[in-house]
Structure formats: structure tokens, C-alpha cells
Amino acid sequence: MAVLVTGGAGYIGSHMVLELLDAGEQVVILDNLSTGFRWAVPEAAALVVGDVGDQDLVSKVIEEHGVDSILHFAARIVVPESVTDPLGYYFNNTVKTRALIETAVRAGIKNFVFSSTAAVYGNADMPLLSEDMPLSPINPYGRSKLMSEWMLQDAHVAHGLRYAILRYFNVAGADPKGRSGQSTPQATHLIKVAAQAALGQRPYLDVFGTDYETSDGTCVRDYIQVNDLARAHLVALRSLREGGDCAVMNCGYGHGASVLEVVDVVKKVSGVDFEVRLSPRRPGDPAQLVAKVDRIRSLGWQPQHDNLMEIVDQALRWERTLMGRIAA
Ligand SMILES: NC(=O)c1ccc[n+]([C@@H]2O[C@H](COP(=O)([O-])OP(=O)(O)OC[C@H]3O[C@@H](n4cnc5c(N)ncnc54)[C@H](O)[C@@H]3O)[C@@H](O)[C@H]2O)c1
Ligand SMILES: O=c1ccn([C@@H]2O[C@H](COP(=O)(O)OP(=O)(O)O[C@H]3O[C@H](CO)[C@@H](O)[C@H](O)[C@H]3O)[C@@H](O)[C@H]2O)c(=O)[nH]1
């Protein structure tokens, strides 16, 4: 049986593909290459260039490759962009996910693992966020994902499609073997941006907001290393295949770091004292997002890279790899 990875040419999806191949799985990727890269796809995986909303294509891929499970990463992911183009986000993330779920049900797909996000919690003012809390996303990106969660849960009740919904907190770092990393040129993610500032790719780093009610006034996030996150999917997939319950699970480490703490670590690891500007708040940023992680841990998931210095080192190494590619 093969696993279909949508968005497998993107940042997290490409790490997922590596983990699946390392675990001996057969992998087929469906990606429209809107933000993904053909070069991020290993030779051992089949790549189909196309759209998750194309039901004829997806049905054909499922049949030809003998797909039993779908891991659905494909999405647009930039929160501020979702505010200026909400209908584009609802179309790509919600409407096309509806089409994919329908195709999966018709094809008799057994297991569906979905990439959700801590953005579904909105401004929840709690030290640790648990999966059962009330959800109130504050931007179209988070809403587009929450609607997909609901569709999956309803499709389970009506049609028996089994699901694992994984709510990622802040994904960071890069494959320790140097095979993939965060490659989006205009990425907005803090660790990526700070690594670029340290390596002279950006003139300075903005710290967005210093007046939050946190220990040092800057936002706190739970940074999870990307291979650890990919292994959480493997664990969830195995559980579904073995008849485990459908579940919604946070993916993080259960502790946070503030923006200034991250900046300090990047300066320390890189050895570069790059310029930092204290700037106004960025719209839509909750003060603190830290995961309660008992559920995913109860499936036997153990992080292997819960170390900010290591995550930052991986991000810096990957940035150097990208710079080398551009120079070559
Ligand atoms: N990066 C994070 O910190 C983070 C946090 C929470 C959730 N997520 C979720 O993880 C998933 C992967 O995010 P990422 O950071 O790897 O982003 P990414 O942009 O690197 O990857 C997304 C991939 O999906 C593809 N894609 C987009 N729309 C498609 C479509 N309609 N049909 C086919 N392919 C399509 C893109 O080409 C790209 O390869 C997304 O669902 C995102 O919402 C990411
Ligand atoms: O140049 C920068 C970039 C970010 N930040 C701050 O750093 C924190 C983290 O920001 P960022 O790395 O952009 O991540 P988030 O906005 O927390 O969102 C990420 O994490 C969410 C889950 O927590 C996912 O849903 C999103 O897709 C993903 O981008 C926030 O307080 C930002 O204001 C800065 O101060 N300066």
C-alpha cells in the first residue's frame, strides 16, 4: 500500500516524505508546486504535479499507486496573506480539502492525516492549550483549517473515513542530514528570518511587539523541530492503521520561548550580533501559544530534537546550503 502525501514538495511535506521513505513506506506526492520545489522530492518518491482539488487526477493517483492513506499538507499558509485574500484561502484550503475528502471517501481511503494549526485556538489566554478548549481562530487561515477539521470529523461519522488531525505549533529547523529545510524565499517565520539576518541575507530583524503580557514583553511560541513533527505523523498513521481511535492532537514540546530568547539563541549559535529593531505589534499575533502534548505522547511519540540551539543550528546550516545553491 502507498501513502499519498499532498504538499510533499513543501517544507514540512518534504520532511514527511523522507521520514516515510526511511520507514520503508511507498510514497506518492501530489503537489502543484505553487510554493513547493521539484528538487525537494527524493528520487524514491513518485511526484505527480497537480492540484488536490482535481478529483479525476486524485482518483487516478489513488488507483494507480494503491493508496490506502492520505497525509494532507497542501495549503496556503501565510496568515497576513489570508487576511487580504480570504476567499483565495478558503478556496485553496477549505474548498479543495472538501473535494479531496470526497475523493477519499469515494475511493475507500482508510486513513486521513490532516495538517491543522495552533491558529485554530486564536487568542486563548491560557498557559497550555489543550485540544478540547473552545476554538476561535482570529484569521481566515485558522478558520480555513478549522472548517477542514469539522469536515473530516463529519465525514468520519457519515462515511467511516478515519482521521488524525494534528495541530502544529511553530515548526522550525531542518533535516539533520541536510536533505531538506525551509526554502521559501520570502518566509516570515521567526527562526528562518533571524537565521537570514545572521547570515547577512537581511539587513536587520524586527521584533514585533514588546508590550505583551509575557515574561519579557515579546510573544511566546512552542517551537517544534520539523523531523520530530514528521515522526508524530508516522505515529498517528500507525495508530490509525492498527485500529486506534480517530483523534485531534497538538504537536509541540509543551514549553515556549519568547521572541527575544529566540533572537539570543540565533546570535549565540551564529556568533553574529545582527541588528534588532524593536517594532510595533504585528496584527493578529496572540501573546502566547504553547501546547499541551499528553495526547500525542500517549501514542508513544518522543521528541528527539527538543533543543532550541540544535533547531537554530539546523536552520542556519540549511540557510547556508540555500546560499550556496544561489551562488553556484
Ligand atoms: N510551517 C508552519 O509553521 C505550520 C504551522 C502549522 C500548520 N502548518 C501546516 O502545514 C502544512 C505544510 O506547511 P509548510 O510550512 O510545509 O508550507 P509550504 O508552503 O512549504 O508547503 C505547502 C505545499 O503545498 C503545495 N500546495 C499548496 N496548495 C496546493 C494545491 N491546491 N494542490 C497541490 N499542492 C498544493 C505547495 O506547492 C507546497 O509544496 C500546511 O497545511 C500548513 O497549514 C504549517
Ligand atoms: O521577523 C519576525 C518574524 C516573527 N516575529 C514574531 O515571532 C513570533 C512567531 O512568528 P512566526 O514565526 O511568523 O509564526 P506564527 O505567526 O506564530 O505562525 C506560525 O505558527 C502557527 C502555529 O502556531 C502556524 O499556524 C503558522 O502557519 C506559522 O506561520 C510572532 O510573535 C511574531 O510576531 C518577529 O518578531 N519578527
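The values are calculated or read from the model by the stated rules, or taken from the named source; none is laboratory data. Quantities reported herein were computed from a predicted structural model and do not represent experimental measurements. All Cβ positions, even for glycine, are placed from backbone atoms using ideal geometry, and neighbour counts span all protein chains on display.
Within the stretch 1-26, restricting attention to residues that are among the hydrophobic types (A, V, I, L, M, F, W, C) and in a helix (DSSP H, G or I), the residue that is nearest to ligand 1 (Cβ to nearest atom) is I12. The single condition among (1) at pLDDT 95 or above; (2) at negative phi that D285 does not satisfy is (1).
For first residues located in the stretch 107-129 and within 14 Å of G284 (Cα to Cα) and of a type in the set (V, I, T), partners that are part of a loop (DSSP other than H, G, I, E, B) and within 16 Å of ligand 1 (Cβ to nearest atom) and lie 6+ apart or on another chain with Cβ distances below 8 Å form the pairs V120/L135; V120/P137.
Restricted to the stretch 154-174, and to residues there that are over 14 Å from the mean Cα position of the chain (by Cα) and in contact (Cβ under 8 Å) with a residue 60 or more places away in the chain, the residue that is nearest to F208 (Cα to Cα) is A164.
So, S144, is that one farther than 19 Å from S14 by Cβ, buried (at least 24 other Cβ atoms within 10 Å of the Cβ), of a type in the set (S, T, Y) and not assigned by TED's automatic domain parsing to the domain that holds D306 or not?
Working: farther than 19 Å from S14 by Cβ: yes; buried (at least 24 other Cβ atoms within 10 Å of the Cβ): yes; of a type in the set (S, T, Y): yes; not assigned by TED's automatic domain parsing to the domain that holds D306: yes.
When the stated conditions are applied, S144 passes them.
The set of residues from the stretch 286-328 being touching a Gly at 6+ places or on another chain (Cβ under 8 Å) and among the hydroxyl-bearing types (S, T, Y) comprises just one member, T321. Remark: pairs (first residue in the stretch 63-75, buried (at least 24 other Cβ atoms within 10 Å of the Cβ); second residue charged (D, E, K, R); Cβ separation under 9 Å; 6+ apart in sequence or on different chains) = F73/D31; A74/D31; A74/D51; A74/K96; A75/K96; A75/K145. Could we say that M309 is in a helix (DSSP H, G or I) and exposed (fewer than 14 other Cβ atoms within 10 Å of the Cβ) here? Considered against the rule, which asks whether it is in a helix (DSSP H, G or I) and exposed (fewer than 14 other Cβ atoms within 10 Å of the Cβ), M309 comes out as yes.
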